[in-house]
Amino acid sequence: MVSNIGLKARSRFSAKDSVEYLWNGLGLPTESLKSLNISGDGPGLPSSFKIADLAQASIGLSTLLAAQIHALRNSTPIPAVTVSREHAVIEFKSERLYTLAGKAVFTAWGPIGGLHKSADGYVRVHDGFPNHRDGTKALLGCAPDADRKEVASKIASLNSLALETAAFEAGLVISALRSYSEWDSLPQARAVSEFPITLRKIGDAPVGLPRKMQTGNTKALQGLRVLEFSRVIAAPLSGRALSAHGADVLWVTSPNLPDIPVVDRDLGRGKRTIQLDLLTPHGEQDLSRLLEGADVVTQGFRPGSLKSRGLSSKLLASRFSNRGIICANLSAYGPDGPWSDRRGFDSLVQTCSGMNVSEAEHYGAGEPARPMPCQALDHAAGYFLASGIQAALYKRTVEGGSWEVDVSLAGVMKYLRSLGQFEGRSGFQAPDYNFVADVPVEYLETRDTGFGEMTAVRHSGSIQGVRVGWDIMPKPLGLDEKKWL
């Protein structure tokens, strides 16, 4: 079931309206919405986009689903759910708002990333990972030690779309800057789903909760086992959201791929962390063994990249037809359309879809492009993926079956755009939160971690009478045992 409310109606949505729209579109029990207590207005962050509505709605949806599952497994009424608007907005910047041993650790992305002038417009380069940075230099014909000035000089002589295409074909991430009208004319724009969470049944399996969830609980998702293959922000954030409600999340990374420690330390809260080398027989054996105990498999890599490892939704549904499994996928551009297999990141989706151009036009300072003040697409996508997983868990419990969830950054972009924008420069009058000192103390927690004492943003969703929060603190990747609790 997917609701079909038009763009004009959504432009008048409050955050609560969004939760109701998404909840009903997922085919969940309407009466449960009475337990949702969220309110507030105002922009929340300096932007023309309604980031506060998106933050409060996506976190509210995820939290209400956790409350729904808690009530289902305990045969009780659904407890009240509350999400502070200000707290939710701040949580949308969590990877930038933490300290270790009293010192801020977040820095800007790599040295050649960002917006560059091309021969006929602009492109945005993503260089958060060394392989993307080195690959971009090689693609441009620059030396490995080339600086930003040399990279910019090379880009200045190239056509935006030609460079974007060449980068995609090389497995790199460079996006041409487009307006809304230029994006809307693309086949990919039309292929992106109007509804940001796709949920479908992919196989038959018995009705009921996973075995480990059939006993008592102090947290809503206690006993749920999640095997997470992810990097960067959106997909890891989905696991962090589930772990706040008690899920046992095993975060799988690879010793063959680079990571971004400054981001991992925030997104690692609540999880155990292991490394598997799937290029070795031993790694494949460990994977097979862990899959036997998993209730959810989440992947945030380029679509199709893990299929050869037996991790396609179709294969997993067939393998576990005796008990059911949930397969959750996070992609840049969605599972359909000519860009479905392309890599992408929040900043690049903002660039190619017209969001940066529209933001600059609203700000009115003559800039060619202006990014949003946070990775709003990443964060909302993470909570939407967590919501889709919990909706699938609910449906598995009452209907049976194996289920697949798809969420994309482009789908979140489309939904955020449909909420409308603040008129002119009015949205930019909102406060920003750039340092931990800017955050009200009631939204922070200080805990010991594998990296020293960490002060970071608490989870903003609360469930009356049910514990919410992270019991495990971040540590270096790969330190935990390769087994379920």
Exercise. Carbon and sulfur atoms: what percent of the 1.4 Å accessible area of region 1-121 do they account for?
Worked result: 54 percent
Seminar exercise, completed: Among the Cα-Cα pairs of region 8-51, the proportion with separation greater than 17 Å, in percent, is 40 percent
Problem set entry | Those aspartates and glutamates that a straight Cα-Cα span of less than 14 Å connects to Lys34, excepting residues fewer than 8 apart in one chain | Asp17, Glu20
For this session: Over the alpha-carbon set of region 26-132, work out the extent along each principal axis and list the three values in angstrom, largest first.
Result: 60, 42, 31
Seminar exercise, completed: Share of accessible surface on carbon and sulfur in region 275-418, whole %, 1.4 Å probe and ligands ignored, is 48 percent
Exercise. Which whole-number value in Å² is the accessible area per residue of the chain, probe 1.4 Å?
Worked result: 38 Å²
Problem set entry | Geometric extent, Cα atoms of region 231-271 - Rg, Dmax (angstrom) | 10.0, 31
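Need one number: convex hull volume per residue for region 211-341, Cα atoms only, in Å³.
Working: hull volume 15.0 nm³, N = 131.
Considering the Cα atoms of region 211-341, their hull volume per residue is 115 Å³.
What's the magnitude of the charge dipole for region 228-298 around its Cα centre, counting Lys and Arg as +1 and Asp and Glu as -1 at the beta-carbon? Answer in Debye, nearest 20. Could the numbers behind the result be given before it?
On the way: 7 positive and 10 negative charges, 58 e Å.
In debye, rounded to 20, region 228-298 gives about 280.
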Problem set entry | Whole-percent pair-distance distribution, where bins are 20 Å wide, for the alpha carbons of the chain | 25, 60, 15, 0
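Longer than 23 Å from Cα to Cα, which of Lys50/Lys475; Lys314/Lys414; Lys117/Lys149; Lys201/Lys482; Lys219/Lys414; Lys271/Lys414 are they? Say none if no pair is. It would help to have the intermediate numbers written out before the result.
On the way: Lys50/Lys475 34 Å; Lys314/Lys414 28 Å; Lys117/Lys149 12 Å; Lys201/Lys482 29 Å; Lys219/Lys414 33 Å; Lys271/Lys414 30 Å.
Where the Cα-Cα span goes over 23 Å, the pairs concerned are Lys50/Lys475; Lys314/Lys414; Lys201/Lys482; Lys219/Lys414; Lys271/Lys414.
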Seminar exercise, completed: For the chain, whose charge dipole is built from +1 on Lys and Arg Cβ atoms and -1 on Asp and Glu Cβ atoms, the candidate among Ala430, Gly344, Ser402 with its Cα farthest towards the positive end is Ser402
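Averaging over all projection directions, find the projected area of the Cα convex hull of region 420-485 and quote it in nm² with one decimal place.
Averaged projected hull area, Cα only: 8.6 nm².
Whenever you get a sec, line up Phe384, Phe345, Phe451 from highest to lowest accessible area (probe 1.4 Å, protein heavy atoms). Show your work: numbers first, answer last.
Working: Phe384 0, Phe345 30, Phe451 65 Å².
I get Phe451, Phe345, Phe384, largest accessible area first.
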Exercise. Quick one: helix 160-169 against the long Cα principal axis of the chain, what's the angle to the nearest 10°, folded into 0 to 90?
Worked result: 50 degrees
Problem set entry | Considering only the chain, percent of DSSP beta bridges that pair antiparallel, nearest 5 | 50 percent
Problem set entry | Of every Cα-Cα pair in region 25-86, the percent that sits beyond 14 Å | 58 percent
For this session: Sort 56-64, 273-281, 237-245 for me by packing, meaning the mean count of neighbouring Cβ atoms within 10 Å per residue, highest on top.
Result: 56-64, 237-245, 273-281
Exercise. Which whole number of Å³ per residue matches the convex hull of the alpha-carbon atoms in region 79-122?
Worked result: 154 Å³
Exercise. Summing Lys, Arg as +1 and Asp, Glu as -1, what charge do residues with Cβ under 12 Å from the Cβ of Ser118 carry, Ser118 excluded?
Worked result: +1
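Leaving out ligands, DNA and RNA, and with a 1.4 Å probe, what % of the accessible surface on region 173-272 is carbon or sulfur? Intermediate results must be reported in sequence, preceding the final value.
Working: 1650 of 3260 Å².
Heavy-atom surface of region 173-272 belonging to carbon and sulfur, 1.4 Å probe: 51 percent.
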Exercise. Quick one: putting +1 on the C-beta of Lys and Arg, -1 on the C-beta of Asp and Glu, what dipole do you get for region 95-146 around its Cα centre, in Debye to the nearest 20?
Worked result: 160 debye
Exercise. Efficiency by 1/(1 + (r/R0)^6): what FRET value for Arg190 and Leu315, r their Cβ-Cβ distance, R0 = 35 Å, to the nearest 0.05?
Worked result: 0.70
Exercise. Using alpha carbons only, how many degrees (0 to 90, rounded to 10) separate the axis of helix 15-25 from the longest principal axis of the chain?
Worked result: 60 degrees
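The values are calculated or read from the model by the stated rules, or taken from the named source; none is laboratory data. Just so you know, these numbers come straight off a predicted model, no measurement behind them. Cβ: placed from backbone, ideal geometry, glycine included. Neighbour counts: every protein chain shown. The protein model used for the area step is the full one, side chains on, heavy atoms only, and it has no ligands, DNA or RNA in it. Shrake-Rupley method; radii C 1.70, N 1.55, O 1.52, S 1.80 Å.
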